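The values are calculated or read from the model by the stated rules, or taken from the named source; none is laboratory data. Remember, it's a predicted structure, so these values are computed and weren't measured experimentally. Methodologically, a virtual Cβ is constructed for each residue, glycine included, from the backbone with ideal geometry; neighbour enumeration extends over all protein chains shown. For the accessible areas, the whole protein counts, side chains as well, though only heavy atoms, and no ligand, DNA or RNA atoms are used. Shrake-Rupley method; radii C 1.70, N 1.55, O 1.52, S 1.80 Å.
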Amino acid sequence: MITTFDLSTRIIFGVGSISSLNHEASLLGRHALLVTGKDAVRRLGILERALFLLKEACVQTTLFDHVEPNPRSSTVDEGIKLARAKGVDMIIALGGGSAMDAAKAIAFGLACNGPVWDYIQQEEYPEGDLLPLIMIPTVAASGSEANGNAVISNWEKHEKRVISDNRLQPKVSLVDPLLTLSLPPRQTAQGGVDIFCHIAEPYLTAADTSPLRDGMAELAMRLVVEYLPKAVQTPHDLQSRTQLSWLSTIACSQFMSLGGKSGNMTMHGLEHALSGYYDIAHADGLAALLPAYMRNLYPVRRHRIEMLGEKVFGQTDGILAVENWLKKNNMNFSLKDLGVAEAKIEEIAAAAIVMSPWVKNHPGVLDKRVATSLYSTAFN
């Protein structure tokens, strides 16, 4: 098997690394579209800091601060229209996974000749170069700062789909743990669960054993398990925040595939259908599905689940260990808790198979019937 490792993003990591924004932006362009959410980064003073640094570098900045959680294709189209009108030559994301996903989708959509959703749905990718991207994550969660993927929702269709394009690999990512210190416990816990699942899903679904790949995943999961409760209980614990920021960046990068081909993130495909229908927080959906997902895998990946229990938690029952860890971080939800209607489960299962076609790579069968059963198990 041939493995290609190509991480083209320049990652500048550490306390105060946001201060590099003026220099890094000046190398990429003269007019930036700054993509962010509606409130948090402004309220915390992070937006003001970024705007000051860009002004210091003589980089003209157009602010696009309309991004919502589970960013909408209609919002992306709005950002594309603004970017075209202003003639920007680079895009900067400041915020969590939603801001970074929206920024990538805007860069993608600027090369399209119509609504961005048409291209995403049809998997019709435009040709040519895309505008350079800078990512500044303020949440340790999605890992979007280290890959070329973005997830966008169409609320009218209740669909959520992935763009995966190497041209969306950021040119630079400034990962500053200081920016995560003000994140409330609830959002901190959500981020940690997202990180854990990014590592656990390919680990659990892998068909073979790889000492390097498995060892890196086990260490990364142990660190999430160790540091997440500390960050939740003591939000200003900079050491814990720093470790979670590292883990977020590594978890969805190509680093985690070194040592051999990993498995597939099929639970993410199931969750996308849930948040496409109900607009729930992505990590809440993952947390509700995770125990049921592991039970579904048990007949075909028993040894992987037992390895996770032993290597990550020091326990024989990997499923029970994960359930207890979710409880410890107040992330033990059912789908019913999240407002999912039981009568909608079969419809959501059918949608998941269509909007997340990679679920066909799940160990064993994962069709509409099996997805319905898995959602039903997670309902109560």
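Here are the numbers for this structure:
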quantity	calculated
Residues of the range 323-349 classified as free of Cβ contacts under 8 Å to residues at least 60 places away in the same chain, outside any loop (DSSP other than H, G, I, E, B) and open to solvent by less than 40 Å² (accessible area, probe 1.4 Å), total	1
Count - residues of the range 156-175 that are in a strand (DSSP E or B) and not β-branched (Val, Ile, Thr)	6
Tally of residues being closer than 28 Å to Ser182 by Cα, assigned to a helix (DSSP H, G or I), open to solvent by 10 Å² or more (accessible area, probe 1.4 Å) and small (Gly, Ala, Ser) across the range 71-108	2
Residue count, the range 293-311 (criterion: closer than 22 Å to Gln190 by Cα and open to solvent by 10 Å² or more (accessible area, probe 1.4 Å))	1
Qualifying residues in the range 139-155 (those that are at pLDDT 95 or above and assigned to a loop (DSSP other than H, G, I, E, B)) - the one nearest to Arg43 (Cα to Cα)	Val139
Test for Asp279: is it closer than 22 Å to Ile345 by Cα and open to solvent by 50 Å² or more (accessible area, probe 1.4 Å)	yes
Residue in the range 1-21 that is farthest from the chain's Cα centre (by Cα), counting only those that are part of a loop (DSSP other than H, G, I, E, B) and β-branched (Val, Ile, Thr)	Ile2
Failed item, numbered, when Arg42 is tested on (1) among the charged types (D, E, K, R); (2) modelled with pLDDT of 95 or more; (3) in contact with an Asp or Glu (Cβ under 9 Å, 6 or more places away or on another chain); (4) in a helix (DSSP H, G or I)	(2)
Residue satisfying condition, being in contact with a helix residue (DSSP H, G or I) (Cβ under 9 Å, 6 or more places away or on another chain) and free of Cβ contacts under 8 Å to residues at least 60 places away in the same chain, within set Val232, Val224, Val312	Val224
Residue within the range 143-165 that is over 21 Å from Ile11 (Cβ atoms), of a type in the set (Lys, Arg) and buried (at least 24 other Cβ atoms within 10 Å of the Cβ) present	yes
Subset of the range 246-276 [touching a Leu at 6+ places or on another chain (Cβ under 9 Å) and either within 17 Å of Lys328 (Cβ to Cβ) or open to solvent by less than 40 Å² (accessible area, probe 1.4 Å) (or both)]	Leu247, Ser253, Gly260, Gly263, Thr266, Met267, His268, Gly269, Leu270, Glu271, Leu274
Qualifying residues in the range 186-211 (those that are closer than 19 Å to Gly269 by Cβ and among the small types (Gly, Ala, Ser)) - the one most open to solvent (accessible area, probe 1.4 Å)	Ala207
Residue, farthest from Asn22 (Cα to Cα), within the range 109-120, restricted to residues that are part of a helix (DSSP H, G or I) and free of Cβ contacts under 8 Å to residues at least 40 places away in the same chain	Asp118
Residue among Ile353, Ile319 that alone is without any contact (Cβ under 8 Å) to a residue 60 or more places away in the chain, β-branched (Val, Ile, Thr), assigned to a helix (DSSP H, G or I) and in contact with a Lys or Arg (Cβ under 6 Å, 6 or more places away or on another chain)	Ile353
Residue within the range 22-31 that is in contact with a helix residue (DSSP H, G or I) (Cβ under 9 Å, 6 or more places away or on another chain), assigned to a strand (DSSP E or B) and not polar (S, T, N, Q) present	yes
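Yes/no matrix, rows are residues, columns are (1) β-branched (Val, Ile, Thr); (2) under 21 Å from Val139 (Cβ atoms); (3) not in a helix (DSSP H, G or I):
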| position | (1), (2), (3) |
| --- | --- |
| Ala200 | no, yes, no |
| Asp208 | no, no, yes |
| Ala217 | no, no, no |
| Val224 | yes, yes, no |
| Tyr227 | no, yes, no |
| Lys230 | no, yes, no |
| Pro235 | no, yes, yes |
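Residues are listed down the side, and each one gets a yes or a no for (1) at positive phi; (2) among the basic types (Lys, Arg); (3) in contact with a strand residue (DSSP E or B) (Cβ under 7 Å, 6 or more places away or on another chain); (4) open to solvent by 50 Å² or more (accessible area, probe 1.4 Å):
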site	(1), (2), (3), (4)
Arg10	no, yes, yes, yes
Gly14	yes, no, no, no
Asn22	no, no, no, no
Leu27	no, no, no, yes
Arg30	no, yes, yes, yes
Lys38	no, yes, yes, yes
Leu44	no, no, no, yes
Glu56	no, no, no, yes
